Amino acid sequence: MLINGEWLNDTRAFPVFNPATGEEIGQVADGTAQDAARAVDAASAALPAWMNETAYARSAVLDRAYQLMLEQQRELAELMTREQGKPLKASMNEVKYAADFLLWFAEEAKRVYGETIPSARSDQRFLVQKQAVGVVAAVTPWNYPVSMLTRKLGPALAAGCTVVLKPAESTPLCAIAVFKIFEEAGLPSGVANLVTASDPKPIGEVFCTHPAVRKLTFTGSTPVGKHLAQACAPQLKRVSMELGGHAPFIVYDDADPVHAAKGVSLVKFLNTGQACISPNRIFVQRRILDPFLETLQTRVGGMQAGDGMDPANSIGPLINEAAIDKVDRQVQDAVSHGATLLAGGSRLTEGGLDRGCFYDATLLSDVTPEMLIYREETFGPVAAVVPFDDEDDVIAMANDTDYGLAAYIYTQNLARALRTFEQLQFGIIGINDINPTSAAAPFGGMKESGLGREGAREGIEEYLETKLGGLSI
Ligand code: ADP
């Protein structure tokens with residue numbers, strides 16, 4: 001834990017495990033509600049000085065953190081693979097993506113523009129300035145244990161806010177490494193504080209009720225997000241919520257089925273399916289279903305699961321036993337309701353994989369709305385294919401979910417692409433593209449997938465208040 005510039009290691013601790021091997025890889029301070037409150041007080045005390053720094057000074061710290069993160073890319077990636085499980089190449093990519101947010105917001109810090117507005121009164125002028133929201137509490141997940149931190153810390157610090165962050169209990173070591181980078185970059189004491197804890201509830205309670213916290217930014221599951229947003233409501237704290245998804249991936253019959261299947265195989269199994277923008281329902285127009293499935297089956301069948309430190313493995317472990325159970329329950333439910341199992345379908349235990357949480361890359365076809373997998377977020381290596389016949393039907397099916405985060409469209413017909421893009425109720429849409437994310441692009445969901453946007457120009461707005469001055473002259 002880092003509170004007011006001081007690392008606290010001599011308190012009660014909890015263990016961190018490698019999900020690929022079950023091995024303990026570290027012990028981390030187990031923070032309490034009192035620690036969280038002290039961290040908020042430290043952030044509150046550090047706020048006036050940080051807010052009144054020039055944007056150029058804040059930008060310089062973020063820029064140094066960006067450089068340091070790139071210098072430490074390999075080290076951080078190895079730690080991430082050991083702590084979270086994703087293949088090393090994916091960890092390297094994530095560290096780069098994480099660093100991009102630091103650079104982007106180092107730049108945006110200098111572009112927090114105000115405005116002057118003409119008045120109807122000749123003796124009046126309106127002056128509008130943007131000002132830091134204040135102390136920000138942040139709660140982050142384990143699936144992207146570095147980039148989800150910088151996507152919040154970057155804009156919050158750029159805007160002049162001070163922060164208390166609680167990382168997920170499975171990946172606190174990555175969070176510690178990120179905070180060490182900020183310390184090395186010269187961030188003043190108390191400006192960013194880290195509270196690690198094995199039980200998130202008491203920390204969350206302090207974040208939502210401490211009067212000094214003016215904003216809560218959360219990435220995680222929809223139920224927890226709703227709970228925290230409700231807990232913030234009595235004090236009308238600002239909230240940003242990046243929550244679950246249930247992405248439709250629509251492949252029209254004018255698309256190249258082989259190209260589309262390759263795209264699905266890449267994006268679906270990224271991070272072993274543990275991503276909120278992972279395709280959860282793959283809608284394929286019936287005329288091209290066979291060649292699509294043939295390519296996907298070959299690809300999925302050829303995926304090798306194992307420790308992410310071995311470059312031969314493209315599928316890492318799931319984060320824990322509960323994740324394995326959820327995935328298996330969805331697969332068994334789908335098969336018992338008539339889905340066709342084309343690859344995988346069970347936990348992997350051979351060759352030492354029983355020590356970790358491995359599930360075979362799985363392909364299901366003939367998935368229907370009655371199945372759990374059609375509605376519940378999967379968060380695992382399971383591709384679920386739903387055949388369809390007609391454009392209007394598929395748009396209605398795609399929108400038939402409470403989630404609204406990411407969606408994907410494959411078609412060669414520009415008009416159809418635009419029609420579908422405009423009708424889908426999702427915040428992020430890839431059109432013949434499986435990676436519609438970047439520090440420069442707004443990330444966020446509609447409906448129960450969240451509130452607010454991260455990254456892009458919008459990302460810093462989430463940490464700013466608008467202040468109006470009306471002047472009589
Ligand atoms: P997941 O299912 O992906 O683990 P969660 O929403 O449970 O998603 O976790 C995301 C983050 O939310 C983690 O940092 C976790 O510790 C935190 N969290 C979970 N429950 C609470 C809670 N009641 N209060 C505050 N934080 C919580």
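Things to note:
- Residues within region 152-172 that are more than 20 Å from residue 211 (Cα to Cα), away from the ligand (no atom under 14 Å from the Cβ) and within 18 Å of the chain's Cα centre (by Cα), tallied: 3
- Residue that is farthest from the chain's Cα centre (by Cα), among those in region 292-311 that are closer than 24 Å to residue 258 by Cβ and surrounded by fewer than 17 Cβ atoms within 10 Å (Cβ to Cβ): 294
- Verdict on residue 239 being away from the ligand (no atom under 12 Å from the Cβ), at pLDDT 95 or above, of a type in the set (Val, Ile, Thr) and not assigned by TED's automatic domain parsing to the domain that holds residue 380: yes
- A single entry from 39, 49 fulfils the requirement of being modelled with pLDDT of 95 or more, outside any loop (DSSP other than H, G, I, E, B) and within 20 Å of residue 200 (Cβ to Cβ): 39.
- Failed item, numbered, when residue 146 is tested on (1) at negative phi; (2) away from the ligand (no atom under 16 Å from the Cβ): (2)
- Looking only at region 182-229, and only at residues there that are farther than 20 Å from residue 405 by Cα and among the basic types (Lys, Arg), the one that is nearest to the ligand (Cβ to nearest atom): 201
- Within region 158-174, the set of residues being touching a helix residue (DSSP H, G or I) at 6+ places or on another chain (Cβ under 6 Å) and surrounded by 24 or more Cβ atoms within 10 Å (Cβ to Cβ) comprises 158, 159, 160, 162, 163, 164, 166, 167, 171, 174.
- Flag if residue 100 is touching a residue at least 24 places away in the same chain (Cβ under 8 Å), within 14 Å of residue 144 (Cβ to Cβ), among the charged types (D, E, K, R) and surrounded by 18 or more Cβ atoms within 10 Å (Cβ to Cβ): yes
- From the list 255, 177, the lone residue that is among the small types (Gly, Ala, Ser), away from the ligand (no atom under 15 Å from the Cβ) and assigned by TED's automatic domain parsing to the domain that holds residue 426 is 255.
- Filtering region 359-370 to residues that are in contact with a helix residue (DSSP H, G or I) (Cβ under 8 Å, 6 or more places away or on another chain) and part of a loop (DSSP other than H, G, I, E, B) leaves 361, 367, 368, 369.
- Those strands (runs of 3 or more DSSP E) of region 396-473 in which at least 1 residues are within 26 Å of residue 375 (Cβ to Cβ), considering only elements entirely within it, cover 406-410, 428-431.
The values are calculated or read from the model by the stated rules, or taken from the named source; none is laboratory data. Bear in mind that the values here come from a model prediction, so they are computed numbers and not experimental data. Neighbour counts are summed over all protein chains in view; Cβ atoms, including those assigned to glycine, are modelled from backbone coordinates with ideal geometry.
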